[in-house]
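The values are calculated or read from the model by the stated rules, or taken from the named source; none is laboratory data. Computed from a prediction, not measured in an experiment: that's the story for all the values here. Cβ sites come from the backbone with ideal geometry, for glycine too, and all protein chains shown count toward neighbours. Please note that ligands, DNA and RNA were not included when accessible areas were found on the heavy atoms of the full protein model with its side chains. Shrake-Rupley method; radii C 1.70, N 1.55, O 1.52, S 1.80 Å.
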Amino acid sequence: MTANATKRLIPLAFAAALAVALFASAANGRPQGITFIAGPSRVVQGNPATFTINVSPAGRRCALSVRYKSGARQKGLSAVTAASGIASWTWTVPRRVQPGVTRVTASCSGAGRASRTMTVIGQVLPPKIDVVQSGYSIRPYPYGGTGVSWGVILANRSKTQDALDVEVLCNMVMADNRLIGSATAHISDIAADSKHPVGGELNFPAGAPVARLEIVVRIGKGGAVTRWKPGVSFLRVAPSVFEPQWAGEIDGEVQNDNPTKTIQFVELSGVVFDPAGNILGGGTGFAAATLPPAARMVLRITTGMRPIPFGNAASAMVVAVPTYKIF
């Protein structure tokens with residue numbers, strides 16, 4: 001046999017050997033590879049995720065890599081042995097990880113690697129209400145008894161949910177830490193990522209040695225984010241007609257800023273500030289009228305104003321919660 005003939009036979013022999021090897025592998029039913037057989041397509045922040053793969057050949061050592069949209073990688077995923085050709089990992093998706101498409105990659109020694117994706121969904125956080133400011137005014141009445149006007153500004157810290165059916169309890173506490181009185185108020189809706197004033201008046205048959213306020217807030221439930229709120233403008237604190245040294249009302253205008261809906265009535269709540277920005281008290285009220293889009297009407301809050309000295313009243317804050325007409 002010549003040298004040239006030998007050179008021609010070497011590639012043929014190699015091809016034959018490769019074909020025999022592939023045939024043997026197929027005959028044994030043991031092709032090498034990784035297949036994802038379980039795993040969520042979507043998962044919410046703060047919830048568990050479980051991924052399972054099928055590995056051939058079995059008994060291989062496998063690792064899982066999870067890369068979130070921000071580029072951050074999931075920690076704590078240990079390598080496992082694919083006993084009986086199955087490997088699985090479970091972890092909790094971090095609450096603060098960036099939502100979006102996440103790449104999940106499994107790799108096994110001697111079996112290769114495979115990838116797929118899942119989408120991390122941003123968690124809907126429940127409403128959280130903080131008390132950001134409070135204050136009160138005490139007025140002994142000339143005919144006997146004492147009135148206390150109280151006011152509070154609440155903040156809904158959630159950016160994704162309104163706080164609905166909010167109950168506010170205002171305890172009036174004396175210097176010895178005992179309660180002398182309690183008042184309540186209801187707010188139907190505190191919009192997401194907003195501040196909301198509320199207040200009222202509590203009368204006592206004698207003196208009212210109030211040293212501080214103790215505010216308790218209970219949220220009925222969370223709700224969809226409010227897209228439209230009535231506008232409030234031209235606010236002022238007006239004196240009482242009969243007792244001009246005391247406040248009589250908060251007045252101004254409320255506008256329907258919703259482009260398509262008609263307001264049936266609005267729930268009003270507000271507080272009064274002194275020149276330094278301290279709360280002097282507050283109150284609530286209602287305004288009823290058929291208010292089509294872009295229309296306006298007068299607002300007045302009189303409840304809770306009598307104990308507030310008009311000479312100290314500098315400004316006010318009011319929020320209107322609408323109820324829309326259903327046709």
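What are the semi-axes of the equivalent ellipsoid of segment 118-240, taken as the square roots of 5 times the eigenvalues of the Cα gyration tensor, listed largest first and rounded to whole Å? Display every interim value, and only then the final one.
Working: eigenvalues 234, 63, 21 Å².
Rounded to whole Å, the semi-axes are 34, 18, 10.
Probe radius 1.4 Å, ligands and nucleic acids ignored: give me the carbon and sulfur share of the accessible area of the chain as a rounded percent. Don't skip to the end; give the middle numbers.
Numbers: 9750 of 17450 Å².
Ligands and nucleic acids excluded, carbon and sulfur reach 56 percent.
Under a Cβ-only charge scheme (Lys and Arg +1, Asp and Glu -1), can you give me the dipole magnitude of the chain about the Cα centre, in debye to the nearest 20? Please report the intermediate quantities before stating the final value.
Numbers: 32 positive and 16 negative charges, 549 e Å.
For this selection, approximately 2640 debye.
Roughly how much of Tyr324 is accessible, in Å² to the nearest 10, using a 1.4 Å probe?
50
Just need the Rg to Rh number for segment 233-282, please, alpha carbons only, Kirkwood Rh.
1.08
Could you pull out every one of the lysines with an alpha carbon less than 26 Å from that of Lys128, ignoring same-chain neighbours closer than 8 positions?
Lys159, Lys195, Lys221, Lys229
Taking Cβ-Cβ under 4.7 Å as the only way to count a partner, pick out the unpartnered cysteines of the chain.
Isolated Cys, the chain: Cys170.
Against the longest alpha carbon principal axis of the chain, how many degrees, from 0 to 90 and to the nearest 10, is the axis of helix 3-28 turned?
The answer is roughly 50 degrees.
Using only the Cα atoms of segment 84-186, what are the Rg and Dmax in Å?
Cα only, segment 84-186: 27.5, 94 Å (Rg, Dmax).
Could you give log10 I(q)/I(0) at q = 0.13, 0.25, 0.26 Å⁻¹ for segment 243-327, computed by the Debye formula over C-alpha point scatterers of equal weight, without solvent?
The computed values of log10 I(q)/I(0) come out as -0.45, -1.09, -1.15.
With only alpha-carbon atoms counted, please give the Rg and Dmax of segment 29-157, in Å.
Reported Rg and Dmax, both Å: 27.0, 100.
Determine, at each q value in 0.13, 0.15, 0.16 (inverse angstroms), the log₁₀ of I(q)/I(0) that the Debye formula gives when each Cα of the chain is one equal point scatterer.
-0.96, -1.12, -1.21
Which whole-number value in Å³ per residue fits the convex hull of the alpha carbons of segment 30-90?
Details: hull volume 5.7 nm³, N = 61.
Here the figure is 93 Å³ per residue.
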